[in-house]
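For reference, the structure discussed in these notes is given below.
The values are calculated or read from the model by the stated rules, or taken from the named source; none is laboratory data. Everything quoted here is computed from the prediction, not taken from an experiment. FYI the Cβ positions are ideal-geometry reconstructions off the backbone, even for glycines, and counts take in every protein chain you see. Please note that ligands, DNA and RNA were not included when accessible areas were found on the heavy atoms of the full protein model with its side chains. Shrake-Rupley method; radii C 1.70, N 1.55, O 1.52, S 1.80 Å.
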Amino acid sequence: MSLTSLLFALAVQTPAIPLHTCLPELRRRAAYSGLPAARFDALIAGHVPDATVLALLDAQPEFTTAVWDYLAALVDAERVEDGRARLRENADLLQRIEAAYGVDPATVVAVWGVESDYGRSRGSRVLQESLLALSCAGRRQPFFRGELIALLKLIDSGDLQPSAEVPLTGSWAGAFGQTQFMPSTYARIAVDFDGDGRRDLVDSVADALASTAHYLQRSNWRSGQAWGIEVQLPRGHRGSANRRDTAPLSDWAARGVRRVDGSPLVASDLAADRRAGLLLPAGVEGPAFLVFRNFEALFSYNASQNYALAIGHLADRIRGGSEFHTPWPTDDPGLSRAQRRELQALLIARGHDIGEIDGRLGPRSRAGISAEQARLGWTADGRAGQRLLESLREGG
Ligand code: CA
């Protein structure tokens, strides 16, 4: 198809996106990156930009998730059990990955569990279509142009082999596969660990898990070291709650910080000179942690403190560790995914149209939750915790 006919076919279908100026620019940039214009045209042929992602680019999350709600769904009994099963099933592979990259099996499996629910949940938007829209409209076009071209080059090289029947899908912003890498990260970090000549983070568990370990290794993961430990602060503790203000463990010990079981901080598994920072994800009333260098490696995966905490905690739980010792500072704790599904069934039984029961509390579930809160005379904030679940269970 010529560029003119391609442009015409696409422009007719997506009047909101200025393809007539954007596509020639994308072709130039592709050619500059080593992808000839004819290959570029062939790789986007048949894909119509998905303009619906543009609204998501500018959406301000009207609902901020409390850390205890975030952790309750990400590190629930199901994900811990699934993680232990994946650890057993892939024991040999994970051992070889640890030998190659120095990252332990439970950490690799925890990233897999949080990123894609162990490969089950990878996003359903066709990548070329979201990235075309984001490359040609909206406020981050230069960034997304780089991602689109990185994706097309991965297809061109044969690493990725989508077909008309099985297109490449991912999140609205272009993260995809078992590890939810962006295309440019994929290009930089992905490895072919099963030796079939392709870096396939969509269908090869070996490639995906090894690439996760490679990512952490490149983020200065230190083999055999913990991400952090839960601690107890002395009464009336003062000082920085910025985890990046690090000090040697001996200093923290001198300030009266102890492990949650009351034992001294410095012991055979943690040397006095190990540097740590204080993490208080819910303020001084909630659980407190001393975090080490590996916490920063986990943080780099998604630039979120709560994300890094979820990975570290899930890995600990998969290894048989316990829940946090100090409760979250709330009288209405968050819901696991099983409880979210139960809540959704109860909302449906009460006539709310919340869509499918999937354990995700999206806008329609939140509307149903708000309606029930209003009926109960509670603040209708759309947030569901244990209290609402119990009330609906009892028919309240
Ligand atoms: Ca491979």
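Values computed for the structure shown
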{"item": "Residue check for Leu132: in contact with a His (Cβ under 8 Å, 6 or more places away or on another chain) and either open to solvent by 20 Å² or more (accessible area, probe 1.4 Å) or closer than 18 Å to Ser184 by Cβ (or both)", "result": "yes"}
{"item": "Residue list for segment 205-226, filter: more than 19 Å from Ser300 (Cα to Cα) and either within 9 Å of the ligand (Cβ to nearest atom) or of a type in the set (Ser, Thr, Tyr) (or both)", "result": "Ala206, Asp207"}
{"item": "Segment 333-357 residues that are in contact (Cβ under 8 Å) with a residue 60 or more places away in the chain and farther than 17 Å from Tyr70 by Cα, paired with ones that are open to solvent by 40 Å² or more (accessible area, probe 1.4 Å) and of a type outside the set (Gly, Ala, Ser) (beta carbon under 7 Å, 6 or more apart)", "result": "none"}
{"item": "Count of residues meeting criterion [assigned to a helix (DSSP H, G or I) and aromatic (Phe, Trp, Tyr)] in segment 205-230", "result": "1"}
{"item": "Sole residue being under 24 Å from Val111 (Cβ atoms), touching a Leu at 6+ places or on another chain (Cβ under 7 Å) and touching a residue at least 12 places away in the same chain (Cβ under 8 Å), chosen from Gly224, Gly228", "result": "Gly228"}
{"item": "Single match in Thr107, Thr185 (criterion: among the hydroxyl-bearing types (Ser, Thr, Tyr) and touching a residue at least 40 places away in the same chain (Cβ under 8 Å))", "result": "Thr107"}
{"item": "Helices (runs of 4 or more DSSP H) within segment 120-204 that include 1 or more residues more than 19 Å from Val53 (Cβ to Cβ) and away from the ligand (no atom under 12 Å from the Cβ)", "result": "141-156, 183-189"}
{"item": "Where a residue in segment 152-174 is closer than 16 Å to Ser130 by Cα and its partner, wherever it lies, is of a type in the set (S, T, N, Q), with Cβ under 6 Å and at least six apart", "result": "Thr169/Ser124; Trp172/Ser130"}
{"item": "Test set (1) more than 21 Å from Asn302 (Cβ to Cβ); (2) surrounded by fewer than 20 Cβ atoms within 10 Å (Cβ to Cβ); (3) in contact (Cβ under 8 Å) with a residue 40 or more places away in the chain - Ala55 fails condition number", "result": "(3)"}
